[in-house]
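Dropping a structure here in structure tokens format, bear with me for questions.
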Amino acid sequence: MTLSMSAFTENLTYDDLPDPLLQVLRRSFLDTMGVAAIGSTTELSDLARKGAMAVFGTGTAGGARMLMDGRTLSPAGAAMAGAFMVDSIDAHDGTSPNKGHAGSAIFPALLAVADAMRGGGTPITGRDFATWLAVAYEVSYRAGQVQHATCADYHTSGAWTAVGVAAACAKMLGCDGEAIRHAAGIGEYHGPRSQMMRCIDHPTMLRDGVGWGAPSGVTAAYLAREGFTGAPALTCEGKDAEPYWEGLGDQWLTVKHTHYKPYPCCRWAHPSLDAVQELMTKNSLTHARVKAVKIKTFHNATRLAGHEPQSPDEFTYAIAFPVAAMIVRGQVGIDELTSETLKDPDILRISRATELIDDPHLTKISDGKRWAQVTIIDVDGVEYIDAPRTPRGDTDMPLSDTEISRKFHSFADPVLGLERANRIEALTANFDTLGKTGFAELLDLCLREI
């Protein structure tokens with residue numbers, strides 16, 4: 001029997017969480033903290049924290065430390081600052097059917113509320129936090145699928161993560177099923193219905209909407225706890241939503257659909273990045289011999305373009321320039337997000353010679369997957385043609401634990417130092433088994449100043 005969202009959220013316990021789900025939550029914890037660490041160094045994150053400090057003082061909910069910062073705000077303020085921080089580096093976990101990301105809102109929000117609760121004297125264990133994460137991810141994924149199926153516009157992840165965050169935080173605050181229903185309704189109603197393709201066409205610091213989705217969900221939970229009403233959430237209840245909630249409690253979309261990114265840029269560019277990396281290596285090509293690149297892909301991906309990005313935000317929502325960077329440098333990592341890279345003449349030459357082709361067939365089959373087909377043309381006119389492909393990191397081609405660890409350390413070590421990074425990795429590996437003392441240590445490692 002399929003549970004209602006509120007019954008699922010209210011009654012879920014740690015013992016209900018299957019091992020594959022726990023493995024996803026552990027991986028996402030480590031992966032997201034690595035992204036947060038490097039995200040703390042960006043201009044976007046700095047501006048978001050300054051804004052949060054200006055308007056989100058502590059109140060009766062208690063203080064919550066900002067992620068990787070240590071300064072104290074209200075839980076909503078800390079959630080906002082943390083979500084913008086993670087989202088400032090587009091390398092966090094995602095779900096292709098939702099065309100978006102959950103962890104970038106969920107971890108900053110739940111860590112903020114957990115910190116406020118612990119400061120108020122409530123002991124928290126890893127089992128508690130794993131249960132709350134499971135609610136937030138699963139409710140977010142299902143609400144997002146309903147929203148994409150029933151709304152004409154393509155909304156950012158902040159729109160549907162606000163619902164999952166609201167439900168999970170309401171559970172954290174001890175709300176019953178009815179209050180959880182209202183929290184989800186409040187979060188959905190006030191969550192940011194921001195248009196994703198606006199930020200694709202005009203890349204700015206707005207990013208994926210989680211900077212307001214996270215605090216909207218947190219605020220919704222505190223309002224519902226006080227008796228504020230907002231149910232129903234149309235992404236959780238009603239005839240249109242019903243098919244997307246089938247199997248809730250038995251079938252975990254979090255396990256089925258969570259992917260991890262090897263590169264810090266939009267997922268839509270990843271199949272092309274994988275393709276050129278393989279073509280260059282397999283054919284022993286050097287960038288000096290590359291004359292042009294042709295990329296066939298789905299319609300929305302062609303709108304990324306980005307032949308001459310002028311900022312990290314424009315790099316993030318690009319294909320041509322990251323592909324050119326991969327051809328020239330053999331990698332797309334944090335070093336490629338610098339202002340110096342954006343002026344690299346070798347990369348710019350190939351980027352300008354890269355053609356994006358809107359392919360109807362790839363558009364048709366890119367429902368829940370991301371397809372691209374790449375051809376490299378050398379200076380003699382020889383074509384090196386890759387087969388159409390989807391990106392590594394999806395559940396059918398998962399990144400290994402070693403790759404996740406390597407990515408984490410490449411992001412975290414330069415910012416946190418090896419000792420702190422190693423300790424975060426050790427504790428997140430089995431965070432759900434930590435008692436209150438162990439989890440308090442992990443919380444401190446993630447939230448205290450750098």
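Every number here is computed from the coordinates shown, using simple stated rules; none is lab data. Because the structure is predicted, anything quoted here is derived from the model rather than measured. We place every Cβ from the backbone using ideal geometry, glycine too, and count neighbours over all the protein chains shown.
What does the highest-first list of 67-74, 171-178 look like by mean Cβ count within 10 Å?
In descending order of packing, they fall as 67-74, 171-178.
For the range 267-385, please report how many Lys pairs fall under 20 Å Cα to Cα, leaving out neighbours fewer than 8 apart on the same chain.
Lysine pairs meeting the criterion: 6.
With charges set only on the Cβ (+1 for Lys and Arg, -1 for Asp and Glu), what does the dipole of the chain come to about its Cα centre, in debye to the nearest 20?
For the chain, the charge dipole is close to 380 debye.
Tell me the relative contact order for the range 1-82 as a rounded percent, counting alpha carbon contacts under 8 Å between residues six or more apart.
Over the range 1-82, the number comes to 21 percent.
How much FRET efficiency would the formula 1/(1 + (r/R0)^6) give for Val55 and Asp250, where r is the Cβ-Cβ distance and R0 is 35 Å, rounded to 0.05?
Details: r = 42 Å, r/R0 = 1.21.
So, using R0 = 35 Å, E works out to roughly 0.25.
Still on this structure: For the range 287-432, with only Lys/Arg (+1) and Asp/Glu (-1) charged at the beta-carbon, what is the dipole magnitude about the Cα centre, in debye rounded to 20?
Numbers: 18 positive and 24 negative charges, 50 e Å.
Here the range 287-432 has a charge dipole of around 240 debye.
Divide by every residue of the chain the summed helix terms, -39500 (n - 2.57) for each DSSP H run of at least 4, and state the resulting mean residue ellipticity at 222 nm, rounded to the nearest 500 deg cm²/dmol. Display every interim value, and only then the final one.
On the way: 20 runs with 238 residues, N = 450.
Mean residue ellipticity, 222 nm, calculated: -16500 deg cm²/dmol.
7 Å from Cα along Cα→Cβ at both Thr363 and Glu419: what's the point-to-point distance in nm?
The modelled label-to-label distance comes out at 5.6 nm.
Considering every Cα-Cα pair within the chain, what fraction, in whole percent, is farther apart than 44 Å?
Percentage above 44 Å: 10.
Applying the Karplus parametrisation 6.51 cos²θ - 1.76 cosθ + 1.60 with θ = phi - 60° to the phi angles of the range 328-345, what ³J(HN,Hα) value in whole Hz is obtained for each residue in order, glycine and proline being reported as x?
Karplus values, whole Hz, x for Gly and Pro: 7, 10, x, 7, 9, x, 5, 4, 7, 8, 7, 5, 5, 4, 5, 9, 4, x.
Next up: Between Asp380 and Thr150, what is the label-to-label distance in nm when each label sits 7 Å out along the Cα-to-Cβ direction?
Using points 7 Å along Cα→Cβ, the separation is 6.0 nm.
For the range 56-132, with only Lys/Arg (+1) and Asp/Glu (-1) charged at the beta-carbon, what is the dipole magnitude about the Cα centre, in debye rounded to 20?
Around 180 debye, computed over the range 56-132.
How do 181-194, 302-315, 395-408, 21-34 rank on mean C-beta neighbours within 10 Å, highest first?
181-194, 21-34, 302-315, 395-408
I've got another one for you. Taking every pair of alpha-carbon atoms in the range 256-305, give the share separated by more than 12 Å as a whole percent. The partial results should precede the final answer.
Details: 868 of 1225 pairs.
Summing the P(r) of the range 256-305 above 12 Å gives 71 percent of all pairs.
Right, here's the next one. Quick check: the distance between the Cα centres of the range 95-145 and the range 1-66, to the nearest angstrom?
When both Cα centres are located, 4 Å separates them.
If you take the alpha carbon radius of gyration of the range 269-344 and divide it by 2.2 N^0.38 Å, what ratio comes out, to two decimals?
The reported ratio for this selection is 1.05.
Out of all DSSP beta bridges with both ends in the chain, state the antiparallel percent to the nearest 5.
Roughly 75 percent of the beta bridges in the chain run antiparallel, per DSSP.
Another question, if that's okay. Using a Förster distance of 51 angstrom, determine the FRET efficiency expected from the C-beta separation of Gln23 and Gln195, and round it to 0.05.
On the way: r = 34 Å, r/R0 = 0.67.
The pair Gln23/Gln195 has a calculated efficiency of 0.90.
Can you give the Rg/Rh ratio of the range 236-384, where Rg is from the C-alpha atoms and Rh is the Kirkwood radius?
The Rg/Rh ratio comes out at 1.08.
Any idea how far apart Ile450 and Arg289 come out in nm if each label point goes 7 Å out from Cα toward Cβ?
4.0 nm
Highest first, please rank the peptides 101-109, 231-239 by the mean number of other Cβ atoms sitting within 10 Å of their residues.
So the order, starting with the most tightly packed, is 101-109, 231-239.
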